[in-house]
Amino acid sequence: MELTFRKVKEKDLPEVLEMIANDQLGKTREKFELPLPDSYLKAFEVIIRDPNQELMVAELNEEIVGTFQLSYLQYLTYQGGMRVLVEAVRVKDTHRGKGIGHEIFSYIIESSKSHGAHMVQLTSDKKRTDARRFYESFGFEPSHEGFKLHF
């Protein structure tokens, strides 16, 4: 299997957002409908204009089969190091269990290294026990307790 990776284009948004909305938690917090709500289009414009953001798709034989977002964060800690925050990793439901997630994370790790990052970090909802095992298979370690304040 040879995946290709590229930045999301506006025409890809419906497919990307359908993947994001099509999981246990996405179904409770996303509003996938066509035409897409303006909030998604506005967010897309902000993301693509930010040089520290990469909203990506993974393609197999020119079919979008996965998506993820990388945020490159420069810090003063770790001697002025950079880390990469991974968000919204999804694999199309018809392609799950075929190693695509593994290929996506291999790409994420190598891309992060090539950008000079010293760390890749992500959060995962505690309800996603399968995802936690998957991340741990790459060497990710649960290291912090996270906090959120929703408005």
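All conditions but one from (1) without any contact (Cβ under 8 Å) to a residue 40 or more places away in the chain; (2) not in a helix (DSSP H, G or I) apply to H102; the one that does not is (2). Can you work out which of the residues in region 54-85 that are free of Cβ contacts under 8 Å to residues at least 40 places away in the same chain and within 18 Å of G97 (Cβ to Cβ) is surrounded by the fewest Cβ atoms within 10 Å (Cβ to Cβ)? Of everything passing the filter in region 54-85, N61 is surrounded by the fewest Cβ atoms within 10 Å (Cβ to Cβ). Would you please name the residue that is farthest from Q79 (Cα to Cα), looking only at residues in region 105-150 that are touching a residue at least 12 places away in the same chain (Cβ under 8 Å) and touching a Ser or Thr at 6+ places or on another chain (Cβ under 6 Å)? Out of the qualifying residues, it is G146.
If you go through region 1-38 and keep only what is of a type in the set (K, R) and either at pLDDT below 95 or in contact with an Asp or Glu (Cβ under 6 Å, 6 or more places away or on another chain) (or both), you end up with K27, R29, K31. Taken over region 98-129, the residue count meeting the criterion of being closer than 13 Å to S71 by Cα, surrounded by 17 or more Cβ atoms within 10 Å (Cβ to Cβ) and not hydrophobic (A, V, I, L, M, F, W, C) is 2.
As a summary of the residue check, E136 satisfies the conditions (1) under 17 Å from the mean Cα position of the chain (by Cα); (2) farther than 21 Å from Q24 by Cα; (3) outside any strand (DSSP E or B); (4) among the acidic types (D, E) except for the one numbered (2). Within region 130-151, can one find any residue that is hydroxyl-bearing (S, T, Y) and either more than 23 Å from L60 (Cβ to Cβ) or in contact with a Gly (Cβ under 9 Å, 6 or more places away or on another chain) (or both)? Yes; the residues of region 130-151 include at least one that is hydroxyl-bearing (S, T, Y) and either more than 23 Å from L60 (Cβ to Cβ) or in contact with a Gly (Cβ under 9 Å, 6 or more places away or on another chain) (or both). Flag not set for I48, criterion: touching a strand residue (DSSP E or B) at 6+ places or on another chain (Cβ under 9 Å), touching a residue at least 24 places away in the same chain (Cβ under 8 Å), β-branched (V, I, T) and under 17 Å from L3 (Cβ atoms).
Just to verify a result, which residue in region 86-97, among those that are in contact (Cβ under 8 Å) with a residue 60 or more places away in the chain and surrounded by fewer than 18 Cβ atoms within 10 Å (Cβ to Cβ), is nearest to S137 (Cα to Cα)? Give the derivation first.
So in region 86-97, the residues in contact (Cβ under 8 Å) with a residue 60 or more places away in the chain come out as 88, 90-93.
Imposing the further condition that a residue be surrounded by fewer than 18 Cβ atoms within 10 Å (Cβ to Cβ) reduces the set to 88, 93.
Numbers: A88: 19, D93: 21 Å.
My answer is A88.
Taking the criterion of being modelled with pLDDT of 90 or more and in contact with a helix residue (DSSP H, G or I) (Cβ under 7 Å, 6 or more places away or on another chain), the residues of region 124-151 that qualify are F134, F138. Of all residues assigned to region 123-130, at least one qualifies as being over 15 Å from M19 (Cα atoms) and in a helix (DSSP H, G or I). Residues of region 78-99 that are part of a loop (DSSP other than H, G, I, E, B), within 12 Å of A58 (Cβ to Cβ) and basic (K, R): K92, K98.
The values are calculated or read from the model by the stated rules, or taken from the named source; none is laboratory data. Predicted, not measured: the structure shown is a model, and the values here were computed from it. Because the Cβ atoms are built from the backbone with ideal geometry, glycine has one as well, and the counts that use them run over all protein chains shown.
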